[in-house]
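For reference, the structure is listed below as structure tokens.
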Amino acid sequence: MLSIKIGLFLGFRQIQRSNPWTTILIIFVMMLTFLNLIAVSGILVGLIEGAERAVRENSLGDIIISPLDEEDHILETVSIIRELEAYPEISAYSVRYNGNATLEANYKERRDLSGERDTAAVIINGINPKQEDEMSGLSTLLRDGEYLRDDEEGYILVGAYYLKEYAENFGDIFDTIDAKTGDTVRLSIGDISKEFTIKGIVESKVDEINLATFIPEREFRRLFSRQDRNAEQIVIRTATPEINAEVSKNLKNDGMSDYAKIQTYEEGLPKFLIDIKKTFNVLGTFIGSIGIVVASITIFIIVFINAMSRRRHIGILKGIGIKRSAIEIAYVIQAAFYALLGSFLGAVVTYAILIPYFDKNPIQFPFSDGILSADPEVTFWKFVILFIITLIAGFVPAWMIVRQNTLNSILGRK
Amino acid sequence: MNIIEAKNIHRKFGSGELITHVLKGIDIQIKDGEFVAIMGKSGAGKSTLMYQLSALDEPTDGEILIDETDIIGMKENERTAFRLNTLGYVFQDYALVPDLSARENVMMPLLMRGITWAEASKTADESLDNVGLKDKYLNLPGMLSGGEQQRVAIARAIAGKPKIIFADEPTANLDSISGKQIIDLLTCLHKDSGQTIVMVTHEPEYAKNCDRIINMEDGLIVDEKNPWINRY
């Protein structure tokens, strides 16, 4: 205890009397190390979280109701919808019907009947435009044109990847048609065909949107002869994501699980996405740990030079009876001071500047709006690791110098 | 009563053919309250002898009893504790911690003994007053002259009321006026409180106030005399 007290005193005095510019530089290095540790993995994980966020906001919502494994459709969809209306925790929902169809453009201008037709195999989503917009904000994803209205028929929204103009970067990966807003296209389901006017083009970081077409559910059911009104998917937005599990449980308790599979967004997350997230986290931590190694070497060198240049004073302190442990603690205190202040500033920069900045100005990636993800608990544990390694990096050189022969230190002998 | 008893002290440095035999079998006794000067030419082994007697170094061979405690074979932490509680040091070049004020330098060994901050501070101020450094409590060593720094070192050495003070050429880095002041200070300390002092010096002028002068040559004591005899 006495050694800690003396060590603290000596350590603080050394910090207090040290060159302020050197101190600032060391703290700056520690801050950068902390940022490297948090920000690199944060951005890598943020890429996936950004994608997840986009899927959650624009496609799947907070709770997903889908058909039971042995069924093609959600059974008793109408009853389920009636039940959902009674839940105050549910702020919006959308019932989706979907099927496969062929979309054809430029068929009226086609002169050579033996030539290739301008077609694309598409997924058709039958939606209630108003409900879907409330749930997923589909109208905000319009790249061109206008959103669907409930009271009109014969209009279609087309995902950008189905259009040659927008999908040209992807080569021949997707079937595309050469059409634009206002063009007439023909939708064919088996022998049934109907003409639609492209009312708008939707584009999102979520591929499910880019690779979908949307028509009002009334027309969908008519085209696909779906008179039972049993849908393929119901997506739900809750008041706050924290209550998802509770709402999901309540829905199951209400007996809905007899007719459909009910999952929260997290439960429904594809495994590959979870694996990518973990991999990116490991990758980021690995890159960040290189920063830790660099910082620990920096601290080691700083403390070593500091202790080496004070070798004689260390010898004198030992000579007049100051315990070795007290002198070692003084150097550990210095390292702790650099680590604490550097990490604190790094945390301030991360949480007060970088995260809000990237939330407002996400990094534009093809598949997501990259944010900076820094879970406070993970950050705390990374700080603990950085702190412990810094303490060791401060202790080892001090120990090396302090353990030297007292008289040799005093006399400056090797 | 002897406070220091050393028998057959040898100190060798190096190994094999490069071995240097610095102390070649020294016997020495110093009485409690005695002021002893160890003199000799450069390389005579006077500082090496002082390091052995002051538990800063361990002889290659021999026995040393300080205040009836055998210091040979002590573990390092035991030697450190022994130095803290029994001995005081004044080094040639002041040996103050540059980050600490004069008061804090003096307080260090006191704090290590477990004395409270307030008490250590009060004792340190009194010690600094005794060496004539009132109003310089808060000065850093760099803000003090060489003589003042050495006086801080003396204040640090006496603050804990050690049984013996070892002074290794305390005037070597000082001008003649400051040097004389330091010697006067040590002499007063010895006269007023009966403090045992062992001082290494090569200045006969500064040794004349001591009770005994031990002359060394080539690692051996060649002569001992009382400077007060035949003075008048």
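The values are calculated or read from the model by the stated rules, or taken from the named source; none is laboratory data. On a predicted model such as this, the values are computed, not experimentally measured, just so you know. Methodologically, a virtual Cβ is constructed for each residue, glycine included, from the backbone with ideal geometry; neighbour enumeration extends over all protein chains shown. Ligands, DNA and RNA are excluded from the accessible area calculation, which covers all protein heavy atoms including side chains. Shrake-Rupley method; radii C 1.70, N 1.55, O 1.52, S 1.80 Å.
The table that follows gives values for the structure above.
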{"item": "Amide H contacts under 5 Å for A:L75, placed H, 5+ residues apart", "result": "A:L68"}
{"item": "Rg/Rh ratio calculated on Cα atoms of segment B:164-232 (Kirkwood radius)", "result": "0.96"}
{"item": "Stokes-Einstein diffusion coefficient of segment A:25-140, Kirkwood radius over Cα pairs, 4 °C, 1.567 mPa s, in µm²/s", "result": "68"}
{"item": "Distance histogram in 5 Å bins (all Cα pairs of segment A:68-259, percent per bin)", "result": "1, 7, 15, 19, 18, 15, 11, 7, 5, 1, 1, 0, 0"}
{"item": "Debye-sum result for segment A:204-326 in log10 I(q)/I(0), which assumes one identical scatterer on each alpha carbon, at q = 0.11, 0.15, 0.18, 0.23 Å⁻¹", "result": "-0.71, -1.01, -1.18, -1.29"}
{"item": "Partner chain coverage, peptide A:318-329 - average Cβ within 10 angstrom", "result": "6"}
{"item": "Within straight-line cross-link reach of B:K24, aspartates and glutamates at Cα separation under 18 Å, skipping those fewer than 8 residues along the same chain", "result": "B:E5, B:D57, B:E58, B:D61, B:E63, B:E217, B:D218, B:D223, B:E224"}
{"item": "Overall dimensions of segment B:1-123 as given by Cα atoms, namely Rg and Dmax in Å", "result": "16.7, 55"}
{"item": "Heavy atoms of A:D369 accessible to a 1.4 Å probe, total area in Å² rounded to 10", "result": "50"}
{"item": "Residues A:E152 and A:R117, FRET efficiency given R0 of 30 Å [Cβ-Cβ distance, rounded to 0.05]", "result": "0.60"}
{"item": "Surface/4 estimate of mean projected area, convex hull on alpha-carbon atoms of segment A:141-219, nm²", "result": "5.4"}
{"item": "Ratio of Rg to Rh over segment A:295-385 (Cα coordinates, Kirkwood Rh, two decimals)", "result": "1.24"}
{"item": "Relative contact order, percent, chain A [alpha-carbon distance under 8 Å, six or more residues apart]", "result": "30"}
{"item": "Per residue convex hull volume, Cα atoms of segment A:205-274, in Å³", "result": "153"}
{"item": "Per-peptide average of other Cβ atoms within 10 Å, ordering B:10-18, A:124-132 highest first", "result": "A:124-132, B:10-18"}
{"item": "√(5λ) per eigenvalue of the Cα gyration tensor, segment A:249-308, largest first, Å", "result": "52, 13, 4"}
{"item": "Two-decimal ratio, segment A:76-141, of alpha-carbon radius of gyration to 2.2 N^0.38 Å", "result": "1.71"}
{"item": "R0 of 35 Å, Cβ-Cβ distance B:T116-B:E63: FRET efficiency to nearest 0.05", "result": "0.40"}
{"item": "Partner lysines for A:K130 [C-alpha distance under 30 Å; skip if fewer than 8 residues away on the same chain]", "result": "A:K164, A:K180, A:K194, A:K199, A:K205, A:K249, A:K252, A:K261, A:K360"}
{"item": "Radius, Kirkwood style, for the protein assembly as shown when every pair of distinct Cα atoms is counted (Å)", "result": "32.0"}
{"item": "Expected 222 nm ellipticity per residue - DSSP helices of 4 or more, -39500 (n - 2.57), all of chain A, to 500", "result": "-16500 deg cm²/dmol"}
{"item": "Average beta-carbon neighbours from other chains, 10 Å sphere, peptide B:96-106", "result": "4"}
{"item": "Solvent exposure, largest accessible area first (probe 1.4 Å, DNA, RNA and ligands not counted), of B:C188, B:C210", "result": "B:C188, B:C210"}
{"item": "Calculated [θ] (222 nm, deg cm²/dmol) that DSSP helices of n ≥ 4 give over chain B, each run adding -39,500 (n - 2.57)", "result": "-10500 deg cm²/dmol"}
{"item": "Residue (of B:A95, B:V131, B:T20) at the positive-pole extreme of segment B:1-144, dipole from beta-carbon charges", "result": "B:T20"}
{"item": "Inter-centroid distance (Cα atoms) of segment A:133-196 relative to segment A:378-414, Å", "result": "66"}
{"item": "For segment B:2-225, diffusion coefficient by Stokes-Einstein and Kirkwood Rh (Cα), 10 °C, 1.306 mPa s, µm²/s", "result": "89"}
{"item": "Net dipole in debye of chain B [+1 Lys, Arg Cβ; -1 Asp, Glu Cβ; about Cα centre; nearest 20]", "result": "300"}
{"item": "Inter-chain Cβ neighbour average for residues B:50-59, partner chain, 10 Å", "result": "3"}
{"item": "Candidate aspartates and glutamates - alpha carbon under 17 Å from A:K108, same-chain residues fewer than 8 apart omitted", "result": "A:E116, A:D118, A:D178, A:D183, A:E195"}
{"item": "Dimensionless Rg ratio for segment A:15-81, taking C-alpha atoms and the 2.2 N^0.38 Å reference", "result": "2.34"}
